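Report on the following structure.
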Amino acid sequence: MKHTISVLVENKFGALNRVAAMFSARGFNLESISIGETEDPEISRMTIVTEGDEQILGQIVKQLNRLIDTIKVLDLTGALTVERELALITVFYQKSNRSELIGLCDIFKANVVDITQKTFTLEIVGPPEKIDSAINILIPFGIKEMARSGVVALSRGEQLNRHKKGSSEVLAI
Amino acid sequence: MTSKGHTLIGAEIFFECLRREGVEYIFGYPGGALLKIYEKLYDVDDIKHILVRHEQGATHMAEGYARATGKVGVVLVTSGPGATNTVTGIANAYMDSSPIVIFTGQVPTHLIGNDAFQEADILGITRPITKYNFLVKDVNELASTIRKAFFLARTGRPGPVLVDLPKDVMNAKCTFEYPEKVEIRGYKPTVQGHTMQIKKAAAKIKHAKKPLLYVGGGIIMSEAAKELTFFAKTHRIPVTMTLQGLGALPAKDELSLGMLGMHGTYWANQAVNNCDVLIALGARFDDRVTGKTETFATQAYKIHVDIDPTAIDKNVLVDLPIVGDVKHILSELSVEMTESPDTEEWLKTIQAWREDCPLVYETEDGKLRTEYVIEQISEKTGGEAIVVADVGQHQMWIAQYYQFNNPRLQISSAGLGTMGFSLPAAIGAAFGVQDKPVISISGDGGFMMNIQELVTAAYHKIPLKIFLINNSYLGMVRQWQELFHEKKYSFTDLSENNPDYVKVVASFGIPAFSTDNPNEVSELLDKALAYNEGPIFVEFKVAREDMVFPMVPAGASISDMMIKRLNPKTLV
């Protein structure tokens, strides 16, 4: 089963590498990983999409928690979440099918961000399934190249906003 | 205590920090990137620097020191090859959860990433084999980083921590301040166990008919041997130990079943197969212990206590996990245990298994046997010596025949299985512990892998007993070749290219002896144990083709033990 995991990590060099290396070293599936700074510049949020049964997922969450840079791990699967992915897709067109393509852009709420004599570059934002179906529709036109950002996700409401600087763990010996 | 002070350069801050961490020894090797540190070391007389002859030796020494003393071992090596030579030792410490801090020199910050002379991305190389690693880019972060490194190495599940020190940072100046507190947001090891879980565990154990304690290195690391002994003896619950757990309960105790697993005792493995409540304490269900996991302790309700949550449900699914420090949890569990299970029948059953199938070895042909040598060492030291094994057959025979009567006496490379570990680790242990004999036992294969550290032992005149078990084979590999690879002894026979070990060792200025006669063992051991002027070496030339039994073939169930070899074709 596919899982979306949100991980708050210290915004330091090496943090992404540690997470990615943990997945490869332990043979866990890593479908997508995206990372960016949060409202606290010392913390980054990683969104990881992975796949595995309950036991594997339990290990993934525990292993992520074990990393020293990790502040919080949340398995968002089944929770109320907002999930988005960005795709940039360059498709070939001809005069004869240009209006059809523009119509499809409207349906997918895609923006045309670049255009040449032969190609459109579209920007599509949405849940990964929407991007998947857009790609399927565009394949017959001929996709020149594309880039997907990987999923970013947040739970709905206020659940995740508790990790301000003031709550940092202080350990004394 | 916060220490505010005057302006110091990085190299001076380095030693100030080590003083505050109580460092006694640095195991190190100088090099270009460390010149400022070695310059300042010249005037440091309260921290002793031990010059090794290979950086791998430094890491094993630091680990031997850490495991014998419970303190943090410290390594100092230069950049590039100095750093990469530590990799095996770091991986070893990581697998066995040993607290060491490795300081590596690094090229100046402006050259990092330029493929500069003696540059290696040691952070990238060691990320998967350290608990954490740091690159100090600014001298203002040096003291707090060293503070964090020691804190991380010794707390929670201990492990190696590496600090990379660029050359220019060692020359840069700042005001020295040693932080009072360590702030690491993501690091909060759970020490106290969950009270309800502990109550549940107590309820299960109270009503068990065939309970069994399965204890690992976690008991030794958390200094919980006393709590374990009290718990086991109060409730009369038998104890089986992993290789790393040996000594947690004295081997001579009637409740001690010795080691379980691949080369464990028949009765310990039978107890695992038949117990109804298995209480795993600071042990991680390693594949060398469980064999085929689907058939491991199938009748048992499994309770697992570990400070590392990832150890739980990793290899074997358990019924009741308790995350926390085993010392705290055992104390709480003892309070909750208001009544004891009746285990007398169970203990009788185990005793019958013990009598059915004792540990035995060949004696009639007059050849010298490793088992006999180990038995003699055990008797003569009363099970109170620090015995540092290398890796292979002799390591398993030590586990079977040396009667470890206290914690921190058994030191060997359990997780990684690093040949060449014994000699340097024993040197490190001997620096840390002066009131007990320290014995290094190696096979002829492993001994060659770090033989250069004989210089370190000889120069410092440490009273180390170095025993070589020489069968002129890579014995354990040969055993597997005989049993599972059609006797294709591919590159394991060392008889034609082994050196004359007595001559080699004597050339280091170490008294050296050799025997293949069982009748000479006792006298040579007495001589070695009495010699305190420095290291002493004895080679025991043993029967060449003996095998370690009992044995559970890799991947088989631990109920499918090979007890002994009747002849090469018949296994019983």
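In segment A:65-87, what residues drop by 40 Å² or more of accessible area when the other protein chains are put back, versus the chain on its own? Use 1.4 Å, and skip ligands and nucleic acids.
Buried by the other chains: A:ARG66, A:ILE68, A:ILE71.
Farthest toward the dipole's positive end in the protein assembly as shown, which of B:VAL502, B:GLY73, B:GLY392, given Cβ charges of +1 (Lys, Arg) and -1 (Asp, Glu) about the Cα centre?
B:GLY73
From largest accessible area down, sort B:LYS488, B:LYS210; use a 1.4 Å probe on the protein chains. Walk me through the numbers before you get to the answer.
Working: B:LYS488 120, B:LYS210 70 Å².
So the residues, ranked largest to smallest area, are B:LYS488, B:LYS210.
For a quick check, take a GNM of chain A with Cα springs below 10 Å and name the residue from A:LYS109, A:LYS62, A:LYS95 with the largest mean-square fluctuation.
Of A:LYS109, A:LYS62, A:LYS95, the Gaussian network model singles out A:LYS95 as fluctuating most.
Can you give me the relative contact order of chain A as a percent, contacts being Cα pairs under 8 Å and 6 or more apart? Write out the running numbers ahead of the final one.
On the way: 282 pairs, mean separation 44.2, N = 173.
Relative contact order for chain A comes out at 26 percent.
So, in Å, what gap is there between the alpha-carbon centers of segment B:174-197 and segment B:214-264?
Using only Cα atoms, the two centres lie 29 Å from each other.
Quick one: helix A:128-138 against the long Cα principal axis of chain A, what's the angle to the nearest 10°, folded into 0 to 90?
Relative to chain A, helix A:128-138 is tipped by roughly 20 degrees.
Skipping prolines and chain starts, which residues have an amide H placed within reach, meaning under 5 Å, of the one on B:TYR132, given they are 5 or more residues away or on another chain?
Here the answer is B:LEU162, since their amide H atoms fall under 5 Å of that of B:TYR132.
List the lysines whose Cα sits under 16 Å from the Cα of B:LYS487, skipping any in the same chain fewer than 8 residues away.
B:LYS569
Using the crude model of +1 on Lys and Arg Cβ and -1 on Asp and Glu Cβ, and no other charge, please compute the dipole size for segment B:8-175 relative to its Cα centre, in debye to 20. Spell out each step's value before the answer.
Values: 17 positive and 18 negative charges, 97 e Å.
About 460 debye.
Dipole magnitude of segment B:456-572 about its Cα centre, charges +1 at Lys/Arg Cβ and -1 at Asp/Glu Cβ only, in debye to the nearest 20?
On the way: 12 positive and 14 negative charges, 43 e Å.
Dipole of segment B:456-572, to the nearest 20 debye: 200 debye.
Would you mind working out the magnitude of the charge dipole of chain B relative to its Cα centre, with +1 at each Lys and Arg C-beta and -1 at each Asp and Glu C-beta, to the nearest 20 Debye?
Working: 56 positive and 67 negative charges, 216 e Å.
Dipole size: approximately 1040 debye.
Quick check of the Kirkwood formula: for segment B:8-175, what is the inverse mean of 1/r over all pairs of different Cα atoms, in Å?
15.2
Among B:ASP516, A:ASP132, B:ASP286, B:ASP435, what's the order by accessible area (1.4 angstrom probe), most exposed first?
On the way: B:ASP516 100, A:ASP132 70, B:ASP286 40, B:ASP435 130 Å².
From most accessible down to least: B:ASP435, B:ASP516, A:ASP132, B:ASP286.
Give me the one-decimal nm value for the distance between modelled label points at B:THR295 and B:ILE47, 7 Å along each residue's Cα-to-Cβ direction.
Here the answer is 5.3 nm between the modelled labels.
I'd like the accessible area for B:GLU344: 1.4 Å probe, protein heavy atoms, all chains in place, Å² to the nearest 10.
Answer for B:GLU344: close to 80 Å² accessible.
Show me, for segment A:92-106, the HN-Hα J-couplings you get by feeding each phi into the Karplus relation (A = 6.51, B = -1.76, C = 1.60, θ = phi - 60°), rounded to Hz, glycine and proline as x.
Result, rounded to whole Hz: 7, 9, 10, 3, 5, 10, 4, 5, 4, 5, 5, x, 5, 4, 4.
Based on the Cβ-Cβ distance of A:ASP132 and B:SER559, what FRET efficiency does E = 1/(1 + (r/R0)^6) give at R0 = 51 Å, to the nearest 0.05? Could you put the intermediate results ahead of the total?
On the way: r = 50 Å, r/R0 = 0.97.
In this case the efficiency is close to 0.55.
Run the numbers on segment B:161-199: which residues show a drop of 50 Å² or more in accessible area, chain on its own versus all protein chains together, using a 1.4 Å probe over heavy atoms?
Residues shielded by partner chains are B:ARG185, B:GLY186, B:LYS188.
Over segment B:159-274, what relative contact order in percent results from Cα pairs under 8 Å that are six or more residues apart? Numbers along the way, then the final one.
Details: 96 pairs, mean separation 20.6, N = 116.
18 percent.
So, with a 1.4 angstrom probe, what is the percent of accessible area on the protein assembly as shown that is carbon and sulfur? Let's see the in-between values first.
Numbers: 16100 of 31350 Å².
Looking at the protein assembly as shown in its full context, I get 51 percent from C and S.
Find the centroid of the Cα atoms in segment B:329-357 and in segment B:21-83, then give the distance between the two in whole Å.
Answer, in whole Å: 45.
What residue among B:ALA430, B:THR59, B:LEU135 has its Cα farthest toward the positive end of the dipole of the protein assembly as shown, where the charges are +1 on Lys, Arg and -1 on Asp, Glu, each on the Cβ?
Result: B:LEU135.
Could you list the chymotrypsin sites (Phe, Trp or Tyr not before Pro) in segment B:97-179 that lie in coil according to DSSP, counting only those with at most 15 other Cβ atoms within 10 Å of their Cβ?
Details: sites: B:PHE103, B:PHE117, B:TYR132, B:PHE134, B:PHE150, B:PHE151, B:PHE176; in loops: B:PHE117.
Loop-located and lightly packed - B:PHE117.
Using only alpha carbon pairs under 8 Å that are at least six residues apart, calculate the relative contact order of chain B and give it in whole percent.
Numbers: 1291 pairs, mean separation 80.7, N = 572.
The normalised contact order for chain B reaches 14 percent.
Just to be sure I understand: of the beta bridges DSSP finds with both ends in chain B, what percent are antiparallel, rounded to 5? Intermediate results must be reported in sequence, preceding the final value.
Working: 10 of 72 bridges.
The antiparallel proportion sits near 15 percent.
Could you pull out the pairs from B:LYS131/B:LYS188; B:LYS527/B:LYS564; B:LYS436/B:LYS541; B:LYS436/B:LYS465; B:LYS226/B:LYS292; A:LYS2/A:LYS130 whose alpha carbons sit more than 23 Å apart here? Walk me through the numbers before you get to the answer.
On the way: B:LYS131/B:LYS188 14 Å; B:LYS527/B:LYS564 34 Å; B:LYS436/B:LYS541 26 Å; B:LYS436/B:LYS465 11 Å; B:LYS226/B:LYS292 32 Å; A:LYS2/A:LYS130 16 Å.
Beyond 23 Å between Cα atoms: B:LYS527/B:LYS564; B:LYS436/B:LYS541; B:LYS226/B:LYS292.
What is the local net charge at A:ALA134, summed over the other residues whose Cβ is closer than 13 Å to its Cβ (Lys, Arg +1; Asp, Glu -1)? Don't skip to the answer; put the middle values down first.
Numbers: positive: A:LYS109, A:LYS130, A:ARG148; negative: A:GLU85, A:ASP106, A:GLU123, A:GLU129, A:ASP132.
Net charge around A:ALA134: -2.
Provide the buried accessible surface between chains B and A in square angstrom, both chains summed, 1.4 Å probe, rounded to the nearest 100.
Numbers: alone 23140 and 10780 Å², together 31350 Å².
Separately minus together, B and A give about 2600 Å² buried.
Go through B:LEU111, A:LEU57, B:ALA33 and say which Cα lies farthest out towards the positive end of the charge dipole of the protein assembly as shown; charges sit on Cβ, +1 for Lys and Arg, -1 for Asp and Glu.
Farthest towards the positive pole: A:LEU57.
Roughly what % of DSSP beta bridges within the protein assembly as shown run antiparallel, to the nearest 5? Write out the running numbers ahead of the final one.
Details: 52 of 114 bridges.
Counting only bridges with both partners in the protein assembly as shown, antiparallel ones make up about 45 percent.
The values are calculated or read from the model by the stated rules, or taken from the named source; none is laboratory data. These figures come from a predicted structure and were not determined experimentally. Neighbour counts are summed over all protein chains in view; Cβ atoms, including those assigned to glycine, are modelled from backbone coordinates with ideal geometry. Please note that ligands, DNA and RNA were not included when accessible areas were found on the heavy atoms of the full protein model with its side chains. Shrake-Rupley method; radii C 1.70, N 1.55, O 1.52, S 1.80 Å.
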